[in-house]
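The values are calculated or read from the model by the stated rules, or taken from the named source; none is laboratory data. Given the structure is predicted, the values throughout are model-derived calculations rather than measurements. Neighbour counts are summed over all protein chains in view; Cβ atoms, including those assigned to glycine, are modelled from backbone coordinates with ideal geometry.
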Ligand code: SF4
Ligand code: SF4
C-alpha cells in the first residue's frame, strides 16, 4: 500500500500513471491548488499500518520530496521503527538533499524513477546525479518501459558511478482507464520483450539484475528467453496483477493507478490492509477472469495460473473500445 503524500510534481512523464485528475502534474510551476498530506493524517495512516502488522511505509506522490514536511514525516515513521521506501523522480529540492545527506538511516530506501537521458532536460539529468550520489546504495533505479525502442543500458553508468543497488525495477506502461497516458500497445509487446531480454543479458554480465513490477504478460517473451528471465538475469519472473492500493492525502483509496477512476473508497472505512485487499480482490474477480487479449481465453498459461493475463487496465480498455463502452458503470 502506498501513501501519496502530495499530488504536486515537477516533471511530466508521457507514460505517467498519475496523469489523471487525481494529481496535479506540473502544478509545481503553476498555481493549481495542490494537496499535501497533514502530519495528523500520517499518524493515522501509520496506526493503520501498525494495526495491520505491516511495518513498511511506502511513500509516493506526485513527487514526495516536494512535500515541505517530508523530513518530519520520515522522522515520525522512523521513530516508530518503520522501514520506509520513497518513490521519487530524483529532482530533490535543496532542503531535501541536505536532509538525506545528513540522515543516512539504512531503514530508508529509495526507488528513483529515471527516464533515458535524452528524454530529460540537462538540469534534470544533473539534479538526478546529485541526488543519486547522496542516496548511494540506499537507491535502486526504476525504469518504465513505454516505447519499443527503449534502451536501459544507460543505467549501468549510474549504478557503477554512484554505487547504487545492482538491481533495476522494471515497470511496463499500462493504460490508465479513461485517460490518455502513453502505453505500449499489445502489438508492441513481443518486440519489447525480446529487446528487454537482450538488454537484461547485457546488464547481468555487469552483475545488474532486473526486478519485475506487475502487469507483464508471459506471452510478451519468447519461450526460449523465459529460462534466463526467470533465473539468471532477474530476481525471478512471475506474471502478476496484484493490486497495490494507493491512498491520497485525504485517505481516498483506489486499487492502482490504471484503475484509479473507479472503486474509490475511503481508507477510514476499513479496519486493516487485509480487509481492503479482500474488498478489492472480490470486486475485481469478474474482470480478472476475462484477460487482456483475445488469446487469453484459450491460453494454457492462464488456465494453469502461470500468467495473470496482463494488466486489468488493458482488459477494460480493450472491452470499452471494442465492446461495451460502459463496462465499469455496469459492473460497479
Ligand atoms: S491492474 Fe494489475 S497489473 Fe495493472 S497496474 Fe493494477 S495491479 Fe498492476
Ligand atoms: S494469459 Fe493472456 S496475456 Fe497471459 S500469456 Fe496467455 S495470452 Fe498472454
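Go through the stretch 214-251 and count every residue that is away from ligand 2 (no atom under 16 Å from the Cβ), touching a helix residue (DSSP H, G or I) at 6+ places or on another chain (Cβ under 8 Å) and at pLDDT 95 or above.
6
I need the full set of residues from the stretch 81-94 which are touching a residue at least 12 places away in the same chain (Cβ under 8 Å) and not in a loop (DSSP other than H, G, I, E, B), in order please.
83, 84, 85, 86, 87, 88 - these are the residues of the stretch 81-94 that are touching a residue at least 12 places away in the same chain (Cβ under 8 Å) and not in a loop (DSSP other than H, G, I, E, B).
Of all residues in the stretch 54-80, which are touching a residue at least 40 places away in the same chain (Cβ under 8 Å) and part of a loop (DSSP other than H, G, I, E, B)?
Result: 54, 61, 62, 63, 67.
Kindly provide the set of residues from the stretch 235-251 that are surrounded by fewer than 17 Cβ atoms within 10 Å (Cβ to Cβ) and over 21 Å from residue 291 (Cα atoms), ordered by number.
The answer is 235, 236, 250.
Can you pull out every residue in the stretch 306-319 that is assigned to a loop (DSSP other than H, G, I, E, B) and either within 19 Å of the chain's Cα centre (by Cα) or more than 8 Å from ligand 2 (Cβ to nearest atom) (or both)?
308, 309, 310, 311
Conditions tested, residue by residue: (1) more than 8 Å from ligand 2 (Cβ to nearest atom); (2) loosely packed, with under 14 Cβ neighbours inside 10 Å; (3) touching a residue at least 60 places away in the same chain (Cβ under 8 Å); (4) closer than 29 Å to residue 52 by Cβ.
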| site | (1), (2), (3), (4) |
| --- | --- |
| 267 | yes, no, yes, yes |
| 271 | yes, yes, yes, yes |
| 274 | yes, yes, yes, yes |
| 286 | yes, yes, no, yes |
| 289 | yes, yes, no, yes |
| 293 | no, no, yes, no |
| 297 | yes, yes, no, no |
| 304 | yes, yes, no, no |
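Out of the stretch 69-85, which residues are within 17 Å of residue 250 (Cα to Cα) and surrounded by fewer than 20 Cβ atoms within 10 Å (Cβ to Cβ)?
Correct list: 69 only.
Are there any pairs with C-beta distances below 6 angstrom linking a residue in the stretch 235-246 that is more than 14 Å from residue 301 (Cα to Cα) and in contact (Cβ under 8 Å) with a residue 24 or more places away in the chain to a residue that is assigned to a loop (DSSP other than H, G, I, E, B) and away from ligand 2 (no atom under 16 Å from the Cβ), with the two at least 6 apart or on different chains, and if so which?
243/255; 243/256; 244/256; 245/1
Please go through (1) free of Cβ contacts under 8 Å to residues at least 12 places away in the same chain; (2) surrounded by 14 or more Cβ atoms within 10 Å (Cβ to Cβ) for residue 37 and return the number of the only condition it doesn't satisfy.
(1)
With the structure loaded, tell me whether residue 211 is within 16 Å of ligand 1 (Cβ to nearest atom), within 30 Å of residue 321 (Cα to Cα) and touching a residue at least 60 places away in the same chain (Cβ under 8 Å) or whether it fails that test.
no
I'd like the residue in the stretch 7-17 that is buried (at least 19 other Cβ atoms within 10 Å of the Cβ) and out of contact with any helix residue (DSSP H, G or I) (no Cβ under 6 Å at 6 or more places or on another chain) and, out of all such residues, is modelled with the lowest pLDDT. Walk me through how you get there before you give the answer.
Of all residues in the stretch 7-17, those buried (at least 19 other Cβ atoms within 10 Å of the Cβ) come to 7-10, 13, 15-17.
Right, trim to out of contact with any helix residue (DSSP H, G or I) (no Cβ under 6 Å at 6 or more places or on another chain) and you get 7, 9, 13, 15-16.
Working: 7: 92, 9: 91, 13: 82, 15: 79, 16: 76.
Filtering first and then ranking leaves 16.
Which of the following residues is within 20 Å of the chain's Cα centre (by Cα) and not in a helix (DSSP H, G or I): 271, 261? Let's see the steps before the verdict.
On the way: 271 fails: within 20 Å of the chain's Cα centre (by Cα).
Within the list 271, 261, the selection yields 261.
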